[in-house]
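In what follows, a single structure is set out as structure tokens and then discussed.
The values are calculated or read from the model by the stated rules, or taken from the named source; none is laboratory data. These numbers were taken from a predicted model, which means no experiment stands behind them. Reconstructed Cβ throughout: ideal geometry from the backbone, glycine too, with neighbour counts over all protein chains shown. Note: accessible area is taken over every heavy atom of the protein model, side chains too, but ligands, DNA and RNA are not part of it. Shrake-Rupley method; radii C 1.70, N 1.55, O 1.52, S 1.80 Å.
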Amino acid sequence: MGKDILLTFCVQLLIMLSSFAINKILSNRMSVDDFGQYNVVKRSASVLSFVMLAGTGIALPRYIALYRGQKLHATILSLLHASVAYVLLVSLVLVLACVVFSDHIQQLVIGPGGDSWLYYIAIGYAFSFTLASFIYAYYRGQGRFRHFNFCQLLVQLSIVVPLLVLPVVSSTRVFLSWLAITLFIVIVYFTYELFHTRFILFRRRHLAGIRQQFTIIVKYSSGRLVGDFFYFSLSAFPLVYLSQHTDLASVAYYSVGLTFVNMATPVFTFMGIILLPYVSRSMAEGKSQQANRFIRKLTLIYLAAAAAITIVFYVFIRLLIRLFFSSDYLVADELSRMLIFSILPQAIYLLYKNPIDAVSVVPFNTFILGGAFVLMFILFHYAHTLPQYSWAFVVTSVFQALCAWVVWWHHLRLR
């Protein structure tokens, strides 16, 4: 496990640095308004993607790890078949909804001033990212963290290439190139796993097992599907809301601070990547107290690391904006200082998020995130300035962290 933690930490650090590079390139090659639109589309595509994933990003690592602990290898195969069918069904329904109700959804996804081509490209990119996330979840459940990390890093580094070679950078060209690259890598990995694991799609004797696993996956994932929508909406909602109530320049300035928050969170997400299958296997193998002690130690480490990152960002924010964006965005320095106070509570929430899902079939995270989304909506409705919108985001993050802490230590911790 120590090797998995070290490898995952290093890869997540590289992914964070590549995110810095992407924002640096785009903020310099795009106008302020175009960069604002890019951020709206990126957040919206993230929401669509994780709705398409339908909660299997959590369900696969949990159940594969449980079945591995119980030596039920044939059941894992049925689970994979059922999960693929479920994801494709949900994705089809969502794409049809986006096509039928495009007049109402398009402006939310791409913001004002975008064309229909960008809208459909964003939907395609969301689906390609859904398939990539499915592969990540499969590798997590199998405990194959070298494959998980390499695949994730390959996708992240590959999408930097078109930003360097495209003669003209626009949101349409960026997301079209990302769609093509991600889809190509996904096809390669799916083909490899089909031959590597003998992932036979149709075999009559497995049909009963597939139906059983489909019921299990729908029961567990359906609540998480709503939770995933809320989770990624909490990041996308501020930019979508501002794009509808202010101008794209304000969206761009707000996204600077939000980008720093999102650049820090992978440092804390990486442990959750390992915790979900680890806690699930601990349940199957009767090692509850060991897992509890591990999470308690991680709480102190997360608090210290998040506080250190917050202080560094706060003190050197102007230097970091020049380094990772451009001097055009220095006006967003105070706004960014406000938003980075959400890093610490977000780190705490990310620590408890995966153990909560590992232990309980009841979607407690969905309730937490739903409450946070309602709170953010109310706070944004009564806010009128960019600083007020920033503090609304911070307050919502604190609410998430407190709820997750209460749910884990007072209701769900392993006995």
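What helices (runs of 4 or more DSSP H), lying completely within segment 85-167, carry at least 1 residues that are open to solvent by less than 30 Å² (accessible area, probe 1.4 Å), of a type outside the set (A, V, I, L, M, F, W, C) and under 24 Å from Ile25 (Cα atoms)? Result: 116-142, 145-158, 161-165.
Selection of segment 70-80 for residues being within 27 Å of the chain's Cα centre (by Cα) and open to solvent by 20 Å² or more (accessible area, probe 1.4 Å) yields only Leu77.
Counting only residues that are in contact (Cβ under 8 Å) with a residue 60 or more places away in the chain and in a loop (DSSP other than H, G, I, E, B), which one in segment 308-337 is nearest to Leu239 (Cα to Cα)?
Ranking the qualifying residues of segment 308-337, first place goes to Phe325.
Which of the following residues is polar (S, T, N, Q) and more than 13 Å from Arg43 (Cβ to Cβ): Ser255, Ser222?
Ser222
Inside segment 359-410, can you point out the residues that are hydroxyl-bearing (Ser, Thr, Tyr) and free of Cβ contacts under 8 Å to residues at least 24 places away in the same chain? Once the filter is applied, which keeps residues that are hydroxyl-bearing (Ser, Thr, Tyr) and free of Cβ contacts under 8 Å to residues at least 24 places away in the same chain, segment 359-410 yields Tyr382, Thr385. Please work out if Arg224 is more than 27 Å from Leu17 (Cβ to Cβ), of a type in the set (D, E, K, R), modelled with pLDDT under 90 and open to solvent by 60 Å² or more (accessible area, probe 1.4 Å). In short, no. For first residues located in segment 61-75 and part of a loop (DSSP other than H, G, I, E, B), partners that are open to solvent by less than 60 Å² (accessible area, probe 1.4 Å) and lie 6+ apart or on another chain with Cβ distances below 8 Å form the pairs Gln70/Ala284. Answer with yes or no whether Ile25 is open to solvent by 20 Å² or more (accessible area, probe 1.4 Å) and in a helix (DSSP H, G or I). Spelling it out, Ile25 is indeed open to solvent by 20 Å² or more (accessible area, probe 1.4 Å) and in a helix (DSSP H, G or I). Among all positions in segment 28-42, there is at least one residue which is buried (at least 21 other Cβ atoms within 10 Å of the Cβ), part of a helix (DSSP H, G or I), under 23 Å from the mean Cα position of the chain (by Cα) and among the small types (Gly, Ala, Ser).
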